[in-house]
Amino acid sequence: MSSTPRPLVAGNWKMHGLSASLGEIEAVAGGYDAALREKVELAICPPATLLERASRLLAGAEIALGGQDCHERPSGAHTGDISAEMLADAGASYVIVGHSERRADHGESDALIRAKALAGLRAGLSPIVCVGETRAERDAGRASAIVEAQLDGSLPRRAAPDKLVVAYEPVWAIGSGLTPTPLDVAEMHAAIRARLVIHFGTGAAATRILYGGSVKAANAAELLRVKNVDGALVGGASLTAKEFLEIAEIYR
Ligand SMILES: O=C[C@H](O)COP(=O)(O)O
């Protein structure tokens, strides 16, 4: 079976968004018509405080909801943490794990990220596993080796490949306005696909590999039409419905 999944454009709101921002979610839902739905899947990952209300707004719009992180355990004495089961209970179907901001700000290791990805699968969520090199690592010619090591360390060893999403996010491109060239993106995504094949065999074609890092409407076509790029993980440009929809529109 080799049905190709729709590309996925996921918005990661990070630590942005108050009640007033819910209007943007309504506006995305309003612009996501049946023709666009056929071509591209949309997901929005708001802060945890908005999940429940976002879920109600998205019901019926066929836009997926995602969490930005989860704890590896289903419940317990872990003040301030949220489990994958809680995300699913709030209506989520995706969870981002291993974002570079969590790797850097919270010292998350590949092993912990693998545990979080497994927690997501346990709860019925699709984990979006983030990988990416720093500027110094790229300049030293180590970008592929770093990303491959992150994949080897943080991907669940046994998983249905179509339940997994990988997001390649060069750390230096995040929020900077800088992006790799389409050729650099093509090379890295091909390397990631090859690594997925090593892990999951030919079924790895069903794993979507997103590009993330300063994606906006103006550069989306150039970055996302590259081979092995199956969508985008969008930060800043996902905060306004108009820009987010314009990125999705490249698939229409
Ligand atoms: O998760 C999203 C990425 O970190 C990209 O963020 P950005 O689009 O603001 O560069």
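Since every read-out is calculated from the coordinates, none of them should be taken as a lab result. All values reported here derive from a predicted model rather than from experimental measurement. When we count neighbours, we look across all protein chains shown, and the Cβ atoms used for this are built from the backbone with ideal geometry, even at glycine.
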proj_area_mean for the chain (convex hull on C-alpha atoms), units nm², value 12.5
Near the amide H of VAL129, under 5 Å away, which other amide H atoms are found, from residues 5 or more places off or on another chain, if H is placed in the peptide plane?
VAL97, VAL165, VAL166, ALA167
Can you give me the distance in nm between label points at ASP152 and ALA221, each placed 7 Å from the Cα along the Cα-to-Cβ direction?
4.0
Rh (Kirkwood; distinct C-alpha pairs) - segment 1-56, Å:
12.6
If R0 is 25 Å, what FRET efficiency do you get for LYS242 and ASP33 from their C-beta distance, rounded to 0.05?
0.95
For the pair ASP89/ARG122, report the inter-label distance in nm, with labels modelled 7 Å from Cα in the Cβ direction.
1.5
Rounded to the nearest 0.05, what FRET efficiency do THR49 and ARG252 give with R0 = 22 Å and r taken as the Cβ-Cβ distance? Could you check?
0.10
Past the 19 angstrom mark, what percentage of all C-alpha to C-alpha distances in segment 147-198 do you count?
33
Within 10 Å of each candidate Cβ there may be at most 15 other Cβ atoms; applying that plus a DSSP loop requirement, which GluC sites (Glu not before Pro) in segment 15-116 survive?
GLU62
Roughly what would the spin-label model give for ALA136 and ASP184, points 7 Å off Cα along C-beta, in nm?
1.7
